[in-house]
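Participant: Shown below is the structure under consideration.
The values are calculated or read from the model by the stated rules, or taken from the named source; none is laboratory data. Bear in mind the structure is a predicted one, so any value in this text is a computation, not a measurement. Here the Cβ is made from the backbone with ideal geometry for all residues, glycine too, and neighbour counts use every protein chain on show.
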Amino acid sequence: MVATTMAKALNAALADALADDERVLVFGEDVGKLGGVFRITDGLQARFGEKRCFDTPLAEAGIVGFAVGLAMSGLRPVVEMQFDAFAYPAFEQIASHVAKLRNRTRGALSVPMVIRVPYAGGIGGVEHHCDSSEAYYAHTPGLKVVTPATVADAYSLLREAIADPDPVVFLEPKKLYFSSAEADLPAATEPFGRAVVRRPGTDATLVAYGPAVPVALDAAEAAREEGWDLEVVDVRTIVPLDDATITASVRRTGRCVVISEAQGFAGVGAEIAARVQERCFHALHAPVLRVSGLDIPYPAPMLEHTHLPGVDRVLDTVARLQWDDRPDARWLPQGSAA
Amino acid sequence: MTTTPQAVRRASPRIRPPAKKPTKAPAREQAATDPSAALLPHAEPVRLLDPDGTPRPARADYPEPPVEALREMYRRMVVGRRFDAQATALTKQGRLAVYPSSRGQEACQVGAVLAVGHNDWVFPTYRESMALVSRGIDPVEVLTLLRGDWHCGYDPARVRTAPQCTPLATQCVHAAGLAYGEAHQGRDTVALAFIGDGATSEGDFHEGVNFAAVFKAPVVFFVQNNKYAISVPLSRQTAAPSLAYKGVGYGVPSEQVDGNDPVAVLAVLTRAVAHARAGNGPYLVEAHTYRMEPHTNADDATRYRDGAEVDTWRDRDPIARLETYLRTRGALDDAAVAAIAAQAEGYAADLRERMHVQPEVDPLSLFDHVYATPTPQLVEQRELVRAELAAAGEGEG
């Protein structure tokens, strides 16, 4: 095992996919000579040539629409959106064509492709560089939505995404790009739709994905001092969602907190919380709670730590999981006594 | 129709025509110094037949297509118009939810299809139903979208025709990608992307033309300027002298053509397709035509245009124009015209009969093609629907 970063693991996955399958093309803005603004495509053009890894005009709808045509011709495009918010011009192409072509044509056409999106914050980025956009994609049937939280998953999930017969929005938590871990690459590829228990525990389940997973693990570690033994489930693929692993964990622990970095309202965290509530009602000792970013536009760098869910917010929420069976005072009707 | 050297206006169609006021440099020298000159369309739309069917002087840049091709074009235009009328009638009988007619645009609909081969790809919009049946696609499969039993009724991979595109201009980028992908794999496929005048205002039109140009993808962008985007006239779409001028900014050679002149449409598109297939990159063609019917049967065109304008275009009818010319050439007579009309009637009758059969729809098939394999959540929902259907069935029983 050698220490490597998520950025290098993603780069290795792209290189291995390009080497294994000549249909794979990697393109986008600055992905050629520069190797991408985060260097995820570093060295790919030099190794595989300009026909396999190339820069495009600066136009995200064009990049994704071009990928639709390439996929129709039998190729396997892997495109990079430079930042989360810069992918919005491509949203019509993604929602109306990428997601729907298979269904519109009763399976006669399919457009397998990977849309890589560096997403979420925590890097002190200026505005329009830190959005958590997963809910837009997860709300669009026909897309698979994946977000790795570990170095090994970054490799294996990206390989799986490129091999998948359906289009995949691959969300890369940019604050984890340069996180390092011991990993043997190529890491074994697991099928989509498998959540994983990152840390076993008995008192409550923290469900997290992407950039929130390290927060959940840190919180679980800190919770030991409070006397709580917390389990952490990493969702890994938002679509398809692994209800079975999540609910099995919650049935064991009887308590659940869902953590997402994104704004909470109408978000993926809300969906997971609702599903757990529906499926685990009789096993629950407390309502399913959520920890999320605030329902505000992503803040300026000096204020982002107020927005981002951290260990303290998670622990405060765990503390409200009905350990002493009293109603949460915040949600009592005004004027009534606790 | 005879060819006289004097009649050849210019040696190359891609050289800007001389300005009305004499300029210092002759056209050719100007072309050498002004790179846009090689890209701009003719100042006037290319026309090979006058509205009354009289041939214009022959020109070297756009040789007249073979008479057999024109005769076949006439046949398909007549059948296409009859199909279009039948489809409109089917909306009145409640068989189609809606139908966007292309009556009046027969030269464009059929010319585009004749200009490409069966191995080429076509990217149609919702107004191209006539073009699709002219391409040989089963009319019932074409009308599936509007009948409402599914979205796309034909197999796009088999007929090399993308689903009819309702979002505007998005297909332009798909055409660029497909054409580039085909070339990347060593195939000489050309992609023809249909688009209307209004949709040239959409960003994806510009991104599609630009991507095709940068990647030298063999795409013909074919703009049918039928003067209205539902109700909004061309003057609200562009201040450009012609929509074909939009090519120059992207380094794409362009042409404009009289879209109601079948001979010119076929000649110009044939040249554009040859340009693309030869590896010269994309080409942009604007056809000036007119939507004789409202936007769809649900629209009321009298609210935004007057009958006199429509009558003006009635006099420029593309079918009558080609018929007159072919009769002059001795390529068409009363018997042939009657035979083609009968064929069109038979086509419409067959369509009518088949469209009166209520299509079978299967609610459980809603889950079949969302993904290659349904997600666990879709499997659950499928079971829910199956239970709902079973309960409803018992209720009826």
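Participant: Kindly indicate the residue of the stretch A:32-45 that is in contact with a Leu (Cβ under 7 Å, 6 or more places away or on another chain) and β-branched (Val, Ile, Thr) and also nearest to the other protein chains (Cβ to nearest Cβ) among those meeting that condition.
Facilitator: By that ranking, first place goes to A:THR41.
Participant: So, one more: Name the single residue, out of those in the stretch B:43-98 being of a type in the set (Asp, Glu) and part of a helix (DSSP H, G or I), that is surrounded by the fewest Cβ atoms within 10 Å (Cβ to Cβ).
Facilitator: Initially, the stretch B:43-98 is screened for residues of a type in the set (Asp, Glu), giving B:44, B:50, B:52, B:61, B:64, B:68, B:72, B:84.
Okay, now just the ones that are also part of a helix (DSSP H, G or I), so B:68, B:72, B:84.
Numbers: B:GLU68: 9, B:GLU72: 14, B:ASP84: 25.
Ranking the candidates gives B:GLU68 first.
Participant: On to the next question. Output yes when any residue across the stretch A:170-192 is within 14 Å of chain B (Cβ to nearest Cβ), in contact with a strand residue (DSSP E or B) (Cβ under 7 Å, 6 or more places away or on another chain) and of a type outside the set (Asp, Glu), and no when none is.
Facilitator: Within the stretch A:170-192, the first condition is being within 14 Å of chain B (Cβ to nearest Cβ), and the residues that meet it are A:191-192.
Still in the list and also in contact with a strand residue (DSSP E or B) (Cβ under 7 Å, 6 or more places away or on another chain): A:192.
Now narrow it down to the ones that are of a type outside the set (Asp, Glu): A:192.
Yes, the stretch A:170-192 contains at least one residue that is within 14 Å of chain B (Cβ to nearest Cβ), in contact with a strand residue (DSSP E or B) (Cβ under 7 Å, 6 or more places away or on another chain) and of a type outside the set (Asp, Glu).
Participant: A follow-up question, please. Kindly evaluate B:ASP120 against the criterion of being within 25 Å of B:ALA349 (Cα to Cα) and either without any contact (Cβ under 8 Å) to a residue 24 or more places away in the chain or crowded, with 21+ Cβ neighbours inside 10 Å (or both). It would help to see each step written out before you state the result.
Facilitator: On the way: within 25 Å of B:ALA349 (Cα to Cα): no; either without any contact (Cβ under 8 Å) to a residue 24 or more places away in the chain or crowded, with 21+ Cβ neighbours inside 10 Å (or both): yes.
Against the criterion (within 25 Å of B:ALA349 (Cα to Cα) and either without any contact (Cβ under 8 Å) to a residue 24 or more places away in the chain or crowded, with 21+ Cβ neighbours inside 10 Å (or both)), B:ASP120 does not qualify.
Participant: I'd like to check something: does the stretch A:195-208 contain any residue that is under 30 Å from A:GLN322 (Cα atoms), out of contact with any Gly (no Cβ under 9 Å at 6 or more places or on another chain) and in contact (Cβ under 8 Å) with a residue 60 or more places away in the chain?
Facilitator: Yes: the stretch A:195-208 contains one or more residues that are under 30 Å from A:GLN322 (Cα atoms), out of contact with any Gly (no Cβ under 9 Å at 6 or more places or on another chain) and in contact (Cβ under 8 Å) with a residue 60 or more places away in the chain.
Participant: Could I ask something else about it? Within the stretch A:215-265, count every residue that is crowded, with 21+ Cβ neighbours inside 10 Å, part of a helix (DSSP H, G or I) and among the small types (Gly, Ala, Ser).
Facilitator: Within the stretch A:215-265, residues that are crowded, with 21+ Cβ neighbours inside 10 Å, part of a helix (DSSP H, G or I) and among the small types (Gly, Ala, Ser) number 5.
Listed here are the residues, each with its yes/no results for (1) crowded, with 24+ Cβ neighbours inside 10 Å; (2) among the aromatic types (Phe, Trp, Tyr); (3) modelled with pLDDT of 95 or more; (4) in the same structural domain as A:LEU143 (by TED's automatic domain parsing).
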{"position": "A:ALA9", "(1), (2), (3), (4)": "yes, no, yes, yes"}
{"position": "A:PHE27", "(1), (2), (3), (4)": "no, yes, yes, yes"}
{"position": "A:LEU58", "(1), (2), (3), (4)": "no, no, yes, yes"}
{"position": "A:PHE86", "(1), (2), (3), (4)": "no, yes, yes, yes"}
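Participant: Please go through the stretch B:270-290 and give me each residue that is in contact with a strand residue (DSSP E or B) (Cβ under 6 Å, 6 or more places away or on another chain) and closer than 24 Å to B:ALA229 by Cβ, ordered by number. Give the derivation first.
Facilitator: Filtering the stretch B:270-290 down to residues in contact with a strand residue (DSSP E or B) (Cβ under 6 Å, 6 or more places away or on another chain) leaves B:272-273, B:275-276, B:282-289.
The answer is B:ALA272, B:PRO282, B:TYR283, B:LEU284, B:VAL285, B:GLU286, B:ALA287, B:HIS288, B:THR289.
Participant: In addition: Condition test on B:GLU202, is it of a type in the set (Asp, Glu), under 23 Å from B:HIS174 (Cα atoms) and surrounded by fewer than 24 Cβ atoms within 10 Å (Cβ to Cβ)?
Facilitator: Working: of a type in the set (Asp, Glu): yes; under 23 Å from B:HIS174 (Cα atoms): yes; surrounded by fewer than 24 Cβ atoms within 10 Å (Cβ to Cβ): yes.
So B:GLU202 fits the description; yes.
Participant: Name every residue in the stretch B:345-395 that is touching a residue at least 12 places away in the same chain (Cβ under 8 Å), within 27 Å of A:ASP243 (Cβ to Cβ) and within 14 Å of chain A (Cβ to nearest Cβ), in order of residue number.
Facilitator: B:LEU364, B:LEU366, B:PHE367, B:VAL379, B:GLN381, B:ARG382
Participant: Consider the stretch A:122-146. How many of its residues are surrounded by fewer than 24 Cβ atoms within 10 Å (Cβ to Cβ) and more than 14 Å from chain B (Cβ to nearest Cβ)?
Facilitator: Final tally of qualifying residues: 12.
Participant: Restricting attention to helices (runs of 4 or more DSSP H) lying wholly within the stretch B:309-397, give those where 1 or more residues are loosely packed, with under 11 Cβ neighbours inside 10 Å. Step through it out loud before you land on a result.
Facilitator: Values: elements: B:318-328, B:334-355, B:376-396.
Ranges flagged: B:334-355, B:376-396.
Participant: Give me a count of the residues in the stretch A:97-121 that are touching a residue at least 60 places away in the same chain (Cβ under 8 Å) and more than 14 Å from every other protein chain (Cβ to nearest Cβ). Spell out the reasoning first.
Facilitator: First pass over the stretch A:97-121, keeping only residues touching a residue at least 60 places away in the same chain (Cβ under 8 Å): A:98-99, A:102, A:116, A:118-121.
Retained after the next criterion (residues that are more than 14 Å from every other protein chain (Cβ to nearest Cβ)): A:116, A:118-121.
Final tally of qualifying residues: 5.
Participant: What is the number of the single condition among (1) basic (Lys, Arg); (2) within 13 Å of chain A (Cβ to nearest Cβ); (3) under 17 Å from B:GLN256 (Cβ atoms) that B:ARG187 does not meet?
Facilitator: Result: B:ARG187 passes all but (3).
Participant: Tell me, please, whether a residue that is assigned to a strand (DSSP E or B), among the aromatic types (Phe, Trp, Tyr), more than 14 Å from every other protein chain (Cβ to nearest Cβ) and surrounded by 21 or more Cβ atoms within 10 Å (Cβ to Cβ) can be found in the stretch A:147-164. Write out each step before concluding.
Facilitator: Taking the stretch A:147-164 and keeping what is assigned to a strand (DSSP E or B), we get none.
No, that holds for no residue.
Participant: Would you call B:GLY104 among the small types (Gly, Ala, Ser), away from every other protein chain (no Cβ under 14 Å) and on the phi > 0 side of the Ramachandran plot? Give the steps one after another, and end with the answer.
Facilitator: Numbers: among the small types (Gly, Ala, Ser): yes; away from every other protein chain (no Cβ under 14 Å): yes; on the phi > 0 side of the Ramachandran plot: yes.
Yes: the conditions hold for B:GLY104.
Participant: For B:SER101, all conditions in the list (1) modelled with pLDDT of 95 or more; (2) of a type in the set (Gly, Ala, Ser); (3) closer than 26 Å to B:PRO363 by Cβ hold save one; what is the number of the exception?
Facilitator: (3)
Participant: Give the residues of the stretch A:46-74 that are more than 10 Å from every other protein chain (Cβ to nearest Cβ) and of a type in the set (D, E, K, R), sorted by residue number.
Facilitator: The answer is A:ARG47, A:GLU50.
Matching residues to (1) without any contact (Cβ under 8 Å) to a residue 60 or more places away in the chain; (2) assigned to a loop (DSSP other than H, G, I, E, B):
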position	(1), (2)
B:ALA240	yes, yes
B:LYS246	yes, no
B:GLN256	no, no
B:ALA264	no, no
B:LEU269	no, no
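Participant: Taking the stretch B:221-249 only, how many residues are within 14 Å of another protein chain (Cβ to nearest Cβ) and either under 30 Å from B:ARG303 (Cβ atoms) or crowded, with 20+ Cβ neighbours inside 10 Å (or both)?
Facilitator: Of the residues in the stretch B:221-249, the ones within 14 Å of another protein chain (Cβ to nearest Cβ) are B:221, B:249.
So of that shortlist, the ones also either under 30 Å from B:ARG303 (Cβ atoms) or crowded, with 20+ Cβ neighbours inside 10 Å (or both) come out as B:221.
Counting residues in the stretch B:221-249 that are within 14 Å of another protein chain (Cβ to nearest Cβ) and either under 30 Å from B:ARG303 (Cβ atoms) or crowded, with 20+ Cβ neighbours inside 10 Å (or both) gives 1.
Participant: Shifting gears a bit: Only one residue in B:GLU68, B:GLU72 is of a type in the set (Asp, Glu) and either modelled with pLDDT under 95 or more than 28 Å from B:SER254 (Cβ to Cβ) (or both). Which one?
Facilitator: Values: B:GLU72 fails: either modelled with pLDDT under 95 or more than 28 Å from B:SER254 (Cβ to Cβ) (or both).
Being of a type in the set (Asp, Glu) and either modelled with pLDDT under 95 or more than 28 Å from B:SER254 (Cβ to Cβ) (or both) holds for just one of B:GLU68, B:GLU72, which is B:GLU68.
Participant: Which of the residues belonging to the stretch A:69-88 are more than 23 Å from the chain's Cα centre (by Cα) and touching a residue at least 24 places away in the same chain (Cβ under 8 Å)? Full working, then the answer.
Facilitator: Step one: list which residues in the stretch A:69-88 are more than 23 Å from the chain's Cα centre (by Cα), which gives A:69-75.
Correct list: A:LEU70, A:ALA71, A:MET72, A:GLY74, A:LEU75.
The rows are residues; the columns are (1) at the interface with another protein chain (Cβ under 8 Å from one of its Cβ atoms); (2) closer than 30 Å to A:GLY49 by Cα; (3) touching a Pro at 6+ places or on another chain (Cβ under 6 Å); (4) among the small types (Gly, Ala, Ser).
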{"residue": "B:LEU145", "(1), (2), (3), (4)": "no, no, no, no"}
{"residue": "B:HIS151", "(1), (2), (3), (4)": "yes, no, no, no"}
{"residue": "B:ALA157", "(1), (2), (3), (4)": "yes, yes, no, yes"}
{"residue": "B:ALA162", "(1), (2), (3), (4)": "yes, no, yes, yes"}
{"residue": "B:SER201", "(1), (2), (3), (4)": "no, no, no, yes"}
{"residue": "B:PHE205", "(1), (2), (3), (4)": "no, yes, no, no"}
{"residue": "B:ASN210", "(1), (2), (3), (4)": "yes, yes, yes, no"}
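Participant: Please give the helices (runs of 4 or more DSSP H) falling wholly within the stretch B:130-186 in which 1 or more residues are surrounded by fewer than 18 Cβ atoms within 10 Å (Cβ to Cβ).
Facilitator: Values: elements: B:139-147, B:156-159, B:170-184.
In the stretch B:130-186, B:139-147, B:156-159 are the helices (runs of 4 or more DSSP H) which contain 1 or more residues that are surrounded by fewer than 18 Cβ atoms within 10 Å (Cβ to Cβ).
Participant: Still on this structure, please answer the following. Give the residues of the stretch A:179-195 that are crowded, with 19+ Cβ neighbours inside 10 Å and not in a loop (DSSP other than H, G, I, E, B), sorted by residue number.
Facilitator: The answer is A:ALA183, and nothing else.
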